[in-house]
Amino acid sequence: MKMEDRLRSLASGSSAEPSQTAREAAISAAMTAFEKAGEEKKPAATQGSGFAGRLISSATRNWSDFMTRNRLATSTALATVLIVPLAGYLTWTVTGQQSPLEITSEIGRDIAGPEAEPEAKKDKQADAPKEQEVAVIAQAPLADVAQPQVHAAPPAGTLFRGLAKTASERQTRSFSMDGALAQKPASSLPSPIPFPNPDRDRAAAPENRDRIQAVSDNPLKIVKEEPVSTFSADVDTASYSLMRRALNEGRLPDPESVRVEELVNYFPYDWQGPDSAETPFKANVTVMPTPWNKDTQILHIAVKGYDIKAAQRPQANLVFLLDVSGSMNAPDKLPLLKSAFKLLIDKLQPEDTVSIVTYAGNAGTVLEPTKASEKARIIAAMDALEPGGSTAGASGIEEAYRLAERAFVKGGVNRVMLATDGDFNVGPMDDASLKRLIEKKRESGVFLSVFGFGEGNYNDQLMQVLAQNGNGVAAYIDTLAEAEKTLVQEAGSSLFPIASDVKFQIEFNPARVAEYRQIGFETRALKREDFNNDKIDAGDIGSGHSVTAIYEIVPVGSAAVSVSDLRYGEKPAEPANASSEIAFVKMRAKRPGEVKSELTEMAVTDGNVLPALNEAPEDVRFSLAVAAFGQKLRKTQAVSDYGYDAIGEMASQSRGSDPFGYRAEFLKLVRLAGALDR
């Protein structure tokens, strides 16, 4: 029969259905032979490089078993071969790579093992069938295998970023053909580039160990029960910088970190000061309507210190106590610290003395007492500082005081200047012991100021305690501009005191004032009997420094009176001039080096009252806007109905002279807070 006739006969007939058992047996035999042939071609791997061989063999065996068990395998095998490489290509395209197959020889060495011979690797790659390549790719997630080095760099601004992990931290993952996730030991495979994951990123973020002292707002006081308010002067500004940093980072500050008096006293004001050093300071008092409550009034007390001229400035003996521990290894910590103190060095006079002590694990003297005229030597010592080690803050303070006492200047300024992120985590002393040490050293005439840097482990609570008990200031430096303000523009007020142990006491006339509350100064409250006790420490006022204190008072008969008179209470005796006196202000302070304080008094009368807020000086109104803002951030109930827009408007209308832009910056912060506090 001719071939054409045979073909027509076959086409017209029907063939028998093939046996399924025979079909599966044939496929199994073919795959077994295929695997055996691959094993024979594979060269023997050197010790430690068997990972690639095991991976290919396992993949082939799993592929064979899967196809034998699954009747659909034969119909999907071709699709698998086509789709998996296509998915790999698409993944590389999304991540910005231009050629998924341009893999360097380094990656080949990673896959084969660290000790594989190059020639053996080339032979293996040349002989391996395409099905083996597909099996290897299919065995691991694309996110893991799509990370090798490529000749084409990813485009600028790509969404993905590599992880800086050591080889011991890496894990490769593979999926077996039945879908189970198998974990393999760490190898030289490159780390996968993670997709953005907000929940994971928040969990992996460094723990914030900032410590802030929790203090409640001053309560409303009834004058008939508590007519006297006593507190210590405070010229610290750290809270303002902490608040500013938070808002600039797009978050509202912790209400506990906001100390209203530090916000108010952050700004320079043009208060009238004393005419000579014989009068250390002068008080300016104003009474006016309250911006946020029409039924109350504001008692505004502004004290200005005498401004020492440069020619009158005493010689300074300064010890820089610098934290160089490992926690200071951040751009806003040690690098900013060094730049900040260089600004101060430029401000010093040639006869001033500078020493440098560092602490990290152990305290060490970097620079013995050196005249400021040797500026290059001092700056070279600063430049050599590097972060590392733990934080032995207690031993550092002791060494700094030792150097300060060694170079002590009688009649001059002797001060330790501590710069740290506040992490005193190593040392024999707890916070209470450090406080006692600083109190003891204060009696020798060596004072302590504290300058904070960075965030994440900033101990604001301890910094406040150290500065208050060291007769110094506590400032927080978050930018070089803040360093310039604190250490250059305000160097006189920060370094050179004109009065120490400055205390205020205000007595309210119950015939005129029913209730009052002090705005701020919660951490500076004193007992009534502390005012006349010269052994009780209080704050200092530096050259040209100003202190502003604000009270909200409720006049007798006002609708804002919250407590009714007692039915059986005794009527208090009316003091002299009760009809005109609203309050009586007392101030106590010691001249530098003196042990006995001097008393200054003044009555607050109707002559100090302004009928309208807009009649108050610009500085008074601006300080009230700052006080309202601080209370708003603290969630104080009294200003709950007073909005950020009203605060901004009052500040804008009273901005006045602003040569350094501090008030313009404040207006921006008010707008930021208003946008965030929704």
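How about the stretch 658-678: which of its residues are among the aromatic types (F, W, Y) and either open to solvent by less than 50 Å² (accessible area, probe 1.4 Å) or at pLDDT 95 or above (or both)?
Y662, F666
Of the conditions (1) crowded, with 20+ Cβ neighbours inside 10 Å; (2) out of contact with any Pro (no Cβ under 9 Å at 6 or more places or on another chain), E522 fails just one. Which one is it?
If we test E522 against (1) crowded, with 20+ Cβ neighbours inside 10 Å; (2) out of contact with any Pro (no Cβ under 9 Å at 6 or more places or on another chain), just (1) comes out false.
For I519, are the conditions met, namely being over 24 Å from the mean Cα position of the chain (by Cα) and under 19 Å from A583 (Cα atoms)?
Answer is yes for this residue.
What residue, among those in the stretch 373-397 that are among the acidic types (D, E) and loosely packed, with under 13 Cβ neighbours inside 10 Å, is modelled with the highest pLDDT?
That would be D383.
Has the stretch 559-568 got at least one residue that is aromatic (F, W, Y), open to solvent by 40 Å² or more (accessible area, probe 1.4 Å) and farther than 17 Å from E262 by Cα?
yes
Quick check on this structure: which one of K590, K596 is open to solvent by 80 Å² or more (accessible area, probe 1.4 Å) and either touching a helix residue (DSSP H, G or I) at 6+ places or on another chain (Cβ under 9 Å) or closer than 30 Å to D534 by Cα (or both)?
Matching residue, one of K590, K596: K596.
Name, by its number, the condition in (1) touching a strand residue (DSSP E or B) at 6+ places or on another chain (Cβ under 6 Å); (2) farther than 30 Å from A612 by Cα; (3) surrounded by fewer than 21 Cβ atoms within 10 Å (Cβ to Cβ) that does not hold for D254.
With (1) touching a strand residue (DSSP E or B) at 6+ places or on another chain (Cβ under 6 Å); (2) farther than 30 Å from A612 by Cα; (3) surrounded by fewer than 21 Cβ atoms within 10 Å (Cβ to Cβ) applied to D254, the lone miss is (1).
Residues that are of a type in the set (S, T, Y), under 24 Å from Q297 (Cβ atoms) and modelled with pLDDT of 95 or more: does the stretch 599-607 have at least one?
yes
Of these, V235, V223, which one is surrounded by 11 or more Cβ atoms within 10 Å (Cβ to Cβ), more than 30 Å from T420 (Cα to Cα) and modelled with pLDDT of 55 or more?
V223
The values are calculated or read from the model by the stated rules, or taken from the named source; none is laboratory data. Only a predicted model underlies this, so the values are computations on that prediction, with no experimental measurement involved. In this analysis, Cβ positions are derived from the backbone assuming ideal geometry, glycine residues included, and neighbour counts consider all displayed protein chains. Just so you know, the surface numbers come from the protein's heavy atoms only, side chains and all, with ligands and any DNA or RNA stripped out. Shrake-Rupley method; radii C 1.70, N 1.55, O 1.52, S 1.80 Å.
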